[in-house]
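Undergrad: Starting off with a structure, shown below.
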Amino acid sequence: MADYTKVNLKGEVEDQAPKFELSPEMEYRPGRASLDLQNSGISFFGLAPNFRVPFGHTHNEQEEVYIVVEGTARLKLDDEILHLKPWDAVRISKETMRNLEGGPEGAKIILFGAPNAGSGDAQMQPGWWAD
């Protein structure tokens, strides 16, 4: 018998943004636990129009890939800002500081990370991206 797990990221994974008082401007649905992932992580990330995440972050172990599936976004990576459109994919090394901002119509993004280093892997820096 095949070994797999099927989950709808939007319908079956709890939005974590309200727990951090970031809703309704942000939606964050991490699928790692629901999918029983052992070596990677995947999440749905939604941003309201022009909403900037209030912190930047790096990782100790995990590199990430961000894929815009709808809308547009700006992604700050260290001192560079990238403008992203649907189906742009960006790989980000673990030590690169990153942050996202939704475009004029907002953005829907799939985040993929590996290896699965657990919840203590991210190093947050509040207010990192300030104009």
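The values are calculated or read from the model by the stated rules, or taken from the named source; none is laboratory data. For clarity, every value in this text was computed on a predicted model and none was experimentally measured. Cβ coordinates were reconstructed from backbone atoms using ideal geometry, including for glycine residues, and neighbour counts include every protein chain displayed. Heavy atoms of the whole protein, side chains included, go into the accessibility calculation; ligands, DNA and RNA do not. Shrake-Rupley method; radii C 1.70, N 1.55, O 1.52, S 1.80 Å.
Undergrad: Quick one: count up the residues across the range 98-120 that are within 12 Å of GLU64 (Cβ to Cβ), open to solvent by less than 20 Å² (accessible area, probe 1.4 Å) and of a type in the set (Gly, Ala, Ser).
TA: Result for the range 98-120: 1.
Undergrad: Please state which of the following conditions TYR66 fails to meet, knowing it meets all the rest: (1) at positive phi; (2) open to solvent by less than 30 Å² (accessible area, probe 1.4 Å).
TA: Answer for TYR66: the failing condition is (1).
Undergrad: Moving on to the next point. List every residue pair whose Cβ atoms sit under 7 Å apart, with the two residues 6 or more apart in sequence or on different chains, where the first one lies in the range 103-122 and is at positive phi and the second, anywhere, is open to solvent by 30 Å² or more (accessible area, probe 1.4 Å).
TA: Short answer, once both residue conditions are applied: GLY106/PRO49.
Undergrad: Would it be correct to say that GLY71 is among the small types (Gly, Ala, Ser), touching a Gly at 6+ places or on another chain (Cβ under 8 Å), open to solvent by 10 Å² or more (accessible area, probe 1.4 Å) and more than 17 Å from ASP121 (Cβ to Cβ)? Write out each step before concluding.
TA: Numbers: among the small types (Gly, Ala, Ser): yes; touching a Gly at 6+ places or on another chain (Cβ under 8 Å): yes; open to solvent by 10 Å² or more (accessible area, probe 1.4 Å): yes; more than 17 Å from ASP121 (Cβ to Cβ): yes.
Yes.
Undergrad: If you don't mind, there's one more thing I want to ask. Within the range 1-23, can you find the residues that are of a type in the set (Ser, Thr, Tyr) and loosely packed, with under 11 Cβ neighbours inside 10 Å?
TA: Step one: of the range 1-23, the residues of a type in the set (Ser, Thr, Tyr) are 4-5, 23.
Answer for the range 1-23, where residues must be of a type in the set (Ser, Thr, Tyr) and loosely packed, with under 11 Cβ neighbours inside 10 Å: TYR4, THR5.
Undergrad: Could you please find all residues in the range 24-44 being open to solvent by 20 Å² or more (accessible area, probe 1.4 Å) and either assigned to a strand (DSSP E or B) or among the β-branched types (Val, Ile, Thr) (or both)?
TA: Listed by number, the residues that qualify are GLU27, TYR28, ARG29, PRO30, ILE42.
Undergrad: Return the residues of the range 21-72 that are polar (S, T, N, Q) and in contact (Cβ under 8 Å) with a residue 24 or more places away in the chain; say none if nothing qualifies. It would help to see each step written out before you state the result.
TA: Kept after step one, since they are polar (S, T, N, Q), are these residues of the range 21-72: 23, 34, 38-40, 43, 50, 58, 60, 62, 72.
Scanning the range 21-72 gives SER34, GLN38, ASN39, SER40, SER43, ASN50, THR58, ASN60, GLN62, THR72.
Undergrad: Mind listing just one residue for me: the one in the range 77-131 that is among the small types (Gly, Ala, Ser) and assigned to a helix (DSSP H, G or I) and, of those, modelled with the highest pLDDT? Let's see the steps before the verdict.
TA: Going residue by residue through the range 77-131, those that are among the small types (Gly, Ala, Ser) are 89, 93, 102-103, 106-107, 113-114, 117-120, 122, 127, 130.
Restricting the remaining residues to those that are assigned to a helix (DSSP H, G or I) gives 119-120.
Numbers: SER119: 72, GLY120: 84.
My answer is GLY120.
Undergrad: Would you check which residues across the range 88-97 are closer than 25 Å to GLU70 by Cβ and open to solvent by 80 Å² or more (accessible area, probe 1.4 Å) and list them?
TA: Within the range 88-97, just ARG91 meets the criteria.
Undergrad: Here's a follow-up. List every residue pair whose Cβ atoms lie under 6 Å apart, where the two residues are 6 or more positions apart in sequence or sit on different chains, the first residue falls within the range 1-20 and is free of Cβ contacts under 8 Å to residues at least 24 places away in the same chain and under 15 Å from ARG32 (Cβ atoms), and the second residue, located anywhere, is surrounded by 11 or more Cβ atoms within 10 Å (Cβ to Cβ) and among the aromatic types (Phe, Trp, Tyr).
TA: Hits for this filter: GLN16/TYR28.
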